[in-house]
């Protein structure tokens, strides 16, 4: 057999293997209904190439190491106390200036399954039992804390803490399967995201690989107790944050790596448009006092992930290779965890970028909260909170 014929035969065997996955070693072997969806990626030339050559996030201070597991969101109450953060075992913790204490929890079915474990990912298989609080926001007028629990939906707990009350578990007859983040307007309306109606958070990697488009942006009216779907067909919607004047909100759409503006007031009310193309794949977004938007980026976009988004059949082929999920994810993010945070003006212009491209100090970041000249960074993957002093 000629070398060309041998190569063709090997490729045919590989294609056959990927087509049937006989040993069930692939990242999607346990998901028989898995589908890869097209992602409308922007041209590669339009993706921001700006970098923080000084890796300034390496100057961040690591706080509360191993005292908090997977602190996704960081919030301060209307009196300025905190931070408060939701952790991987389902609790919401409060820092009183000297120590952490239990403030609230979302699941009424907590048991020894929720006891301390060595890492944030150790809790994944029991999250649906223990609860998993993600986005946190205080109503500045009432002091109530609103919680996006990935499994239990939109919830609320009073200023005294305790067991949170369920507010929303479904919308238009479709259950919330991956409640992710929220924000509150001056009238008390809650805007929140449901990342997927197919995948729960414990299968978030399959959602990343799939880029399926069942995500939604929703609004909850506390007076009428009605929930309205504002946007459908989103690919991994995540963070949401209102503009300073409340005329629009900004939504992170994970799979395309972009910020979406949804108009709440004015002639464009009820419509949406692309606000900014991001250098990578976002988690949460938070507005500072100037009306600028800080966005937490899980990782920079790579050519591998870019092409995988554009060509779903190629993605399926690669995902059916006998490569464990962990290594498929590392291919997706460029080989290693590396935190990036970016700031956008109210008009959608990139004005600042900070990163730790080597992952030496801040390896991952899920949210950035600016407060009194400091950036408080939570991470769903890390056992600490990082604090960076702005220059």
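Here, each number is a calculation from the coordinates, and none is a lab measurement. This is a predicted model, so every value here is computed, not measured. Cβ atoms come from the backbone with ideal geometry, glycine included; neighbour counts cover every protein chain shown.
Counted by neighbouring Cβ atoms within 10 Å, the residues 212, 273, 33 run from fewest to most as 33, 273, 212. A helix-only calculation puts the chain at -4000 deg cm²/dmol for mean residue ellipticity at 222 nm, using -39500 (n - 2.57) for each DSSP H run of at least four residues, averaged over all residues. Please report the spacing between the Cα centers of segment 371-389 and segment 157-186 in Å, no decimals. If we compute the Cα centre of each part, the gap is 24 Å. Each part gets one Cα centre, and for segment 221-300 versus segment 49-106 those centres are 22 Å apart. Placing R0 at 22 angstrom, the Cβ-Cβ distance between residue 187 and residue 166 gives a FRET efficiency of 0.55 after rounding to 0.05. Taken along its principal axes, the alpha carbon cloud of segment 30-389 reaches lengths of 51, 51, 45 Å, longest axis first. Taking one quarter of the surface of the C-alpha convex hull of segment 227-314 gives a mean projected area of 6.6 nm².
With the simple spin-label model, which puts each label point 7 Å out from Cα in the Cβ direction, the residue 50 to residue 390 separation comes to 1.5 nm.
Express the relative contact order of segment 30-389 as a whole percentage, based on alpha carbon pairs under 8 Å and six or more residues apart in sequence. Across segment 30-389, relative contact order equals 19 percent. Taking segment 158-178 and a reference point 7 angstrom along Cα→Cβ of residue 81, the backbone N atoms nearer than 14 Å belong to 158-162.
The per residue volume of the convex hull around the alpha-carbon atoms of segment 265-342 is 128 Å³.
Put simply, when 372-378, 45-51 are sorted by average Cβ atoms within 10 angstrom per residue, most first, you get 372-378, 45-51. Entry note, segment 223-296: relative contact order of 26 percent, from Cα contacts under 8 Å with a spacing of 6+ residues.
If the label point is 7 Å along Cα→Cβ of residue 221, which residues in segment 110-149 have backbone nitrogen under 20 Å from it? Under 20 Å, as judged by backbone N against the label point of residue 221, lies no residue of segment 110-149. Test of understanding: extend the Cα→C-beta vector of residue 245 to 7 Å, then name every residue of segment 153-196 with backbone N under 16 Å from that spot. 186, by backbone N distance to the label point. Largest GNM mean-square fluctuation across 183, 172, 89, computed for the chain with C-alpha springs under 10 Å, falls on 172. Distance between the pseudo-spin-label points of residue 113 and residue 37 (7 Å out from Cα toward the beta carbon): 2.8 nm.
Here the calculated FRET efficiency for residue 358 and residue 288, from their Cβ-Cβ distance with R0 = 25 Å, stands at 0.40, rounded to the nearest 0.05. Relative to the longest principal axis of the Cα atoms of the chain, helix 3-20 runs at roughly 40 degrees.
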